[in-house]
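Step one of this worksheet: look at the structure below.
The values are calculated or read from the model by the stated rules, or taken from the named source; none is laboratory data. For clarity, every value in this text was computed on a predicted model and none was experimentally measured. Because the Cβ atoms are built from the backbone with ideal geometry, glycine has one as well, and the counts that use them run over all protein chains shown. Ligands, DNA and RNA are stripped out before the accessible areas are found, and what is left, the full protein with its side chains, is counted by its heavy atoms. Shrake-Rupley method; radii C 1.70, N 1.55, O 1.52, S 1.80 Å.
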Amino acid sequence: ADPAGPYALHARFHRAELLTKSADAAERRKAVIQLLDLAFGKDKTFAEPALYLAGVQSYNEKRYGEAGSLFRRYLKAYPQGKSAAEVQVMTAWSDYLAGKYADAVTLCGEGKTDDFAYLKAACAYGAGDVETATRLFQAYLADYPQGKYRAQAELPLARMGFDAAEHAGLHHRRQHHFAL
């Protein structure tokens with residue numbers, strides 16, 4: 001009720017947080033705008049959680065370019081922030097889903113987590129680098145035999161194996177045909 005009162009900022013954050021759960025897309029978009037106002041406003045009390053939540057909401061709405069940008073701002077402003085590790089993973093996923101494979105791979109670094117190891121392989125596959133994708137998917141399956149992306153790694157491996165076998169078979173048939 002009092003826009004300048006002692007609880008006004010908390011109320012604005014809570015309202016925006018509630019709007020992110022709305023069934024109405026326009027309301028959810030309004031929530032992101034309100035969260036960004038809090039994230040970049042003069043009072044920094046809710047800046048970190050507001051920026052994080054705005055990025056998550058953009059990601060959930062499949063606005064991966066926007067989400068990646070917000071997550072990068074979070075990582076720059078709060079490199080040791082409460083959600084920094086999670087934000088780094090979500091930034092890599094945002095880049096991958098936006099088709100920015102090189103950016104995603106850079107964020108993954110050495111790929112020492114389930115997500116990063118899978119993403120590096122998926123990025124190579126998405127970029128059409130079959131040899132690297134095969135090697136990385138195989139390494140993922142060896143390093144994470146119970147990994148959460150096991151099925152997603154097995155499918156492209158099977159596809160690439162099928163394509164290689166089919167290509168070898170066609171090449172063999174052509175050689176045989178020309179020999180006749």
Collect the residues in segment 34-69 that are β-branched (Val, Ile, Thr) and closer than 18 Å to Thr91 by Cβ, keeping them in residue-number order. Val56
Please go through (1) over 13 Å from the mean Cα position of the chain (by Cα); (2) closer than 23 Å to Glu66 by Cα; (3) not charged (D, E, K, R) for Cys123 and return the number of the only condition it doesn't satisfy. (1)
Pick from segment 109-152, criterion in a helix (DSSP H, G or I) and of a type in the set (S, T, N, Q), ranking: most open to solvent (accessible area, probe 1.4 Å): Gln138
